[in-house]
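The values are calculated or read from the model by the stated rules, or taken from the named source; none is laboratory data. Since the model is a prediction, treat every value here as computed from it, not as a measurement. Quick reminder, even Gly has a Cβ in these numbers, built from the backbone with ideal geometry, and neighbours come from all protein chains shown. For the accessible areas, the whole protein counts, side chains as well, though only heavy atoms, and no ligand, DNA or RNA atoms are used. Shrake-Rupley method; radii C 1.70, N 1.55, O 1.52, S 1.80 Å.
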Amino acid sequence: MKLTFIGADHEVTGSCHCLEACGKKILVDYGMEQGQNIFVNQEMPFVPSDVDYVLLTHAHIDHSGLLPLLYGRGFRGQIYATKATADLCDIMLRDSAHIQMFEAEWRNRKGKRSGQGMYEPLYNMQDAMGAIGLFVPCPYDTIIDLCPGIQIRFADVGHLLGSASIEVWLTEGIGSKSLHFPAISGMWISR
């Protein structure tokens, strides 16, 4: 097992953890940084097309907002989230893509007058729709066999409609570990 802290470890926004276990590459959240960027997020240790799964704690953009970018860069795995989170992301990720495209158009109009280069949006509506199509809605309090050696369970935390802490159980070789990813901040590892 290898766990890499990518974002939201020094600040609240840009939540992302990378978990490598049982031959799989898993992201827990992939959120957009918002506000002043005091701490730069780490780079993801693998290319998006190598990611097998995303486990999403909730729909807030600082936890889900870069999923369309991940899709646009080649991710085609599954995104596991509660049903309500999947439903909210259907709305929020399309809205975020609309904002990205509108802002790019505005910047390009303004930049054209001042001779600046073209501004590209982080992602577009096609990327958002592609990411939305990868969601696997899950019930609360049900153990899900993600793949051999990895089980997950979503537990209600009341932070937002559909929000959940995610419990992960890993079995590799003769060892077992459990991890707990809360919906808001931090994480715990136990043996």
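Remarks
Condition check ((1) at pLDDT below 85; (2) under 25 Å from residue 62 (Cα atoms); (3) out of contact with any strand residue (DSSP E or B) (no Cβ under 8 Å at 6 or more places or on another chain)) across all residues:
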site	(1), (2), (3)
149	no, no, no
153	no, yes, no
161	no, yes, yes
164	no, yes, no
170	no, no, no
177	no, no, no
180	no, yes, no
187	yes, yes, no
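- Residue under evaluation residue 121, criteria (1) at pLDDT below 90; (2) open to solvent by 20 Å² or more (accessible area, probe 1.4 Å), criterion not met: (1)
- Subset of region 1-31 that is open to solvent by 20 Å² or more (accessible area, probe 1.4 Å) and closer than 22 Å to residue 128 by Cα - its residue that is modelled with the lowest pLDDT: 13
- Residue, surrounded by the fewest Cβ atoms within 10 Å (Cβ to Cβ), within region 169-186, restricted to residues that are farther than 22 Å from residue 68 by Cα and of a type in the set (Gly, Ala, Ser): 173
- Members of region 124-147 found to be closer than 30 Å to residue 167 by Cα and exposed (fewer than 13 other Cβ atoms within 10 Å of the Cβ), listed by number: 133, 139, 141, 142, 143, 145
- Contact map, region 148-168: residues that are over 19 Å from residue 79 (Cβ atoms) and open to solvent by less than 60 Å² (accessible area, probe 1.4 Å) paired with residues that are among the β-branched types (Val, Ile, Thr) and not in a loop (DSSP other than H, G, I, E, B), Cβ distance under 7 Å, separation 6+ or inter-chain. Pairs shown: 149/171.
- Of all residues in region 52-63, those that are of a type in the set (Gly, Ala, Ser) have Cβ atoms under 9 Å from Cβ atoms of residues that are surrounded by fewer than 23 Cβ atoms within 10 Å (Cβ to Cβ), 6 or more apart or on another chain, in 59/84; 59/86; 59/87; 59/88; 59/91; 59/92; 59/160; 59/161.
- Filter result (free of Cβ contacts under 8 Å to residues at least 12 places away in the same chain, open to solvent by 60 Å² or more (accessible area, probe 1.4 Å) and not charged (D, E, K, R)) within region 85-118: 91, 99, 102, 106, 114, 115, 116, 117, 118
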